[in-house]
Each structure stands twice: as C-alpha cells, then as structure tokens.
Amino acid sequence: MEFSDQGIILRVSPFGDSSLVADIFTQDHGLCRGLLYHANSKKNCGFMAPGNKVSLVWKAKNSEQLGHFKI
C-alpha cells in the first residue's frame, strides 16, 4: 500500500541512532504513523519539528502495519 499526501507533524520520537517514529495528520488519510530513516542527520533535523507542514509518501505492505515515510 502506498499513498502521497500533505500533512502536519504532530509528534516525533527517536528510534535507534538516526531514525524517528513520527505521527503525522494527513489531509486525505487522517492520522498516520511511520518510520523516518536518517531523520536525525544534520541535513534533515531542521524540518522534523512538531507543527511543520510536509509533503510525504507513506509505504507499507498493508494498512495495519507500521509503514515508512519519505518526506
């Protein structure tokens, strides 16, 4: 399953050394949770703050699983 949407970051929590688990409220799909790989790098750390509006792609094998985001 895959979709593209725009949303607002609600919450982020660290996962491992450089990844984050994010809750994002999307315009068409509601609340989505997913993993962001390499989100704590110097290049990406600025835009992953709660309240920021992002454009994203969410992918998972099915809708019940924790997917991953590309922002």
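The values are calculated or read from the model by the stated rules, or taken from the named source; none is laboratory data. Every value quoted in this text rests on a predicted model; they were computed, and no experiment measured them. Positions of Cβ are generated from backbone atoms using ideal geometry, with glycine treated the same way; all protein chains shown enter the neighbour counts. With ligands, DNA and RNA removed, areas are computed over all heavy atoms of the protein, side chains included. Shrake-Rupley method; radii C 1.70, N 1.55, O 1.52, S 1.80 Å.
Select from segment 38-63 the residues that are modelled with pLDDT of 90 or more and hydroxyl-bearing (Ser, Thr, Tyr) and list them in ascending order.
Ser55
Just give me the residues in segment 19-56 being open to solvent by 40 Å² or more (accessible area, probe 1.4 Å), part of a strand (DSSP E or B) and touching a Phe, Trp or Tyr at 6+ places or on another chain (Cβ under 7 Å), in sequence order.
Leu31
Every residue in segment 1-18 that is open to solvent by 90 Å² or more (accessible area, probe 1.4 Å) and either touching a Cys at 6+ places or on another chain (Cβ under 9 Å) or within 17 Å of Val54 (Cα to Cα) (or both), please.
Glu2, Leu10, Arg11
Return the residue satisfying two criteria in turn: it lies in segment 57-67 and is open to solvent by 60 Å² or more (accessible area, probe 1.4 Å) and within 11 Å of the chain's Cα centre (by Cα), and of such residues it is farthest from Leu20 (Cα to Cα). Explain how you work it out, then say what you get.
Kept after step one, since they are open to solvent by 60 Å² or more (accessible area, probe 1.4 Å), are these residues of segment 57-67: 59, 61-66.
Narrowing the set further to residues that are within 11 Å of the chain's Cα centre (by Cα) leaves 59, 66.
Details: Lys59: 15, Leu66: 12 Å.
Going through the qualifying residues, I end up with Lys59.
Report every pair of residues separated by at least 6 positions or lying on different chains whose Cβ atoms are under 8 Å apart, first residue within segment 6-19 and within 18 Å of Gly46 (Cβ to Cβ), second among the hydroxyl-bearing types (Ser, Thr, Tyr) and open to solvent by less than 90 Å² (accessible area, probe 1.4 Å).
From segment 6-19, the pairs are Gly7/Thr26; Ser18/Ser41.
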